[in-house]
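The values are calculated or read from the model by the stated rules, or taken from the named source; none is laboratory data. All of these numbers come straight from a predicted model, not from anything done at the bench. All Cβ positions, glycine included, derive from the backbone under ideal geometry; neighbour counts span all protein chains shown. These area figures cover heavy atoms from the full protein model, side chains too; ligands, DNA and RNA do not enter into them. Shrake-Rupley method; radii C 1.70, N 1.55, O 1.52, S 1.80 Å.
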Amino acid sequence: SAVISQKPSRDICQRGTSLTIQCQVDSQVTMMFWYRQQPGQSLTLIATANQGSEATYESGFVIDKFPISRPNLTFSTLTVSNMSPEDSSIYLCSVEQGAKNIQYFGAGTRLSVL
Amino acid sequence: AQTVTQSQPEMSVQEAETVTLSCTYDTSESDYYLFWYKQPPSRQMILVIRQEAYKQQNATENRFSVNFQKAAKSFSLKISDSQLGDAAMYFCASPVRTGANSKLTFGKGITLSVRP
């Protein structure tokens, strides 16, 4: 399975600022995903990032708030823009590898917004 | 609606005993995998086991096995000889078709505690 490095592991940010989360994979993958998870809750898909195309956002998530880059087949970033306390959450990246829909996850970024 | 349902929010098991975590799903996909993920307090999501829907044989990975009932759209996880390290949140996941693509949808999760 792919090894996924996600940085930072945690951060505390001020309201109105932005944070960029990085996701690095040790092998080339076509599909990468970004999720949000409130503590003790399930995962909610933010967007799907395919190399060479615009990210596809889920209902309730917009590019202006969560811009995503996917410059190559091993790397992606998610930016949480103009943060508010409601953005405090765990953000996870994952990759699809092997058979269809099999996803492997990074360790997540715990974001707290003051 | 295409959904994944985990109706038990919490379960507890005695160390060395067996526990079964329930999951039902609804997907319009014809060829798909089902998954159980484990998320310990470290929050790393770990793939525990996967089941190919077209295979009648239940998947097994060491102490973890599934009871897959395709007609009933049921996909439960059995953990045998429970260990303290099994304490975690467990998520069941199923693909859901969205237009031309499919994405994984996760259940609400179940918190498993293991009593020493």
Cα→Cβ-extended label distance, 7 Å offset, between A:ILE63 and B:THR20, nm: 4.9
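Ignoring ligands, DNA and RNA, how do B:LYS73, B:LYS103 rank by accessible area with a 1.4 Å probe, largest first?
Values: B:LYS73 65, B:LYS103 45 Å².
Sorted by accessible area, descending: B:LYS73, B:LYS103.
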Distance in Å, no decimals, from the C-alpha centre of the range A:59-114 to the one of the range A:6-27 is 9
Put A:LEU114, B:LEU21 in order of accessible area, largest first, probe 1.4 Å, and you get A:LEU114, B:LEU21
Under a Cβ-Cβ limit of 4.7 Å, which cysteines in the protein assembly as shown have nobody to pair with? A:CYS13
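Do the alpha carbons of any pairs in A:LYS7/B:LYS78; A:LYS100/B:LYS78; B:LYS78/B:LYS103; B:LYS38/B:LYS78; A:LYS65/B:LYS38; B:LYS38/B:LYS108 sit beyond 22 Å of each other, and which pairs? Intermediate results must be reported in sequence, preceding the final value.
Working: A:LYS7/B:LYS78 34 Å; A:LYS100/B:LYS78 24 Å; B:LYS78/B:LYS103 25 Å; B:LYS38/B:LYS78 13 Å; A:LYS65/B:LYS38 29 Å; B:LYS38/B:LYS108 12 Å.
Check vs 22 Å cut-off fails for A:LYS7/B:LYS78; A:LYS100/B:LYS78; B:LYS78/B:LYS103; A:LYS65/B:LYS38.
Could you please put A:MET83, B:MET11, B:MET89 in sequence from largest to smallest accessible area, using a 1.4 Å probe? Could the numbers behind the result be given before it?
On the way: A:MET83 0, B:MET11 50, B:MET89 30 Å².
Sorted descending by solvent-accessible area, the residues read B:MET11, B:MET89, A:MET83.
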Which FRET efficiency value, to the nearest 0.05, do you get for A:THR17 and A:ASN72 by plugging their Cβ-Cβ distance into 1/(1 + (r/R0)^6) with R0 = 30 Å? 0.65
Quote the accessible area belonging to A:VAL113 in square angstrom, nearest 10, computed with a 1.4 Å probe and with ligands, DNA and RNA left uncounted. 10
Which aspartates and glutamates, on any chain, are close to B:LYS55 with Cα under 17 Å apart, when same-chain ones fewer than 8 places away are left out? B:GLU29, B:ASP31
